[in-house]
Amino acid sequence: NYTDTITVRESVQDRTGRGSPGQLNIVEGRVEYIDPRRGTFELRDRRNRLVVVAVPFNASRGVIDRFNRLREGDYVRVEGRSAGSDRFDLENFL
């Protein structure tokens, strides 16, 4: 017996509580590391998972200003879209 098609309806990463790719979600936690060259920061969420948050190149001036003021240890809430189990594309600081 052989199969021609396998359809994946939900990946393990989508079941981690961050929602489906493309869907707006909120993640919150403590900033652990900031990489201004790459426009990313690492956030430790309430489940103790490390999430890499990426600021898009076309982000609004307000988002860029807030990113530039971030410091390690800051507690933040962000809105964006999941880009995998441990990556999040930032849309806005809340």
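Observations, loosely collected:
- Placing pseudo-labels 7 Å out from each Cα toward the beta carbon at Arg71 and Tyr33 gives an inter-label distance of 2.1 nm.
- Taking the average, over residues, of other Cβ atoms within 10 Å as the packing measure, peptides 45-57, 64-76, 81-93 rank 81-93, 45-57, 64-76 from highest down.
- Whole-Hz ³J(HN,Hα) from phi, Karplus 6.51 cos²θ - 1.76 cosθ + 1.60, for the range 70-81, glycine and proline x: 4, 9, 4, x, 5, 9, 9, 10, 10, 10, x, 10
- Residue-by-residue Karplus 3J(HN,Hα) for the range 46-59, coefficients 6.51, -1.76, 1.60, Hz, glycine and proline x: 5, 8, 6, 9, 8, 10, 8, 9, 10, 8, x, 4, 9, 5
- Under 5 Å, built H, 5+ apart or other chain: amide partners of Ala83: Phe88, Asp89
- Per-residue ³J(HN,Hα) for the range 29-39, Karplus 6.51 cos²θ - 1.76 cosθ + 1.60, θ = phi - 60°, Hz, x for Gly and Pro: x, 9, 6, 9, 8, 10, 10, x, 5, 8, x
- Under 5 Å, built H, 5+ apart or other chain: amide partners of Asp74: Val31
Rule-based calculations on the coordinates, nothing more; no lab input. The model shown is predicted, which means the values in this text are computed figures rather than measured ones. Glycine gets a Cβ as well: all are built from the backbone with ideal geometry, and neighbour counts include every protein chain shown.
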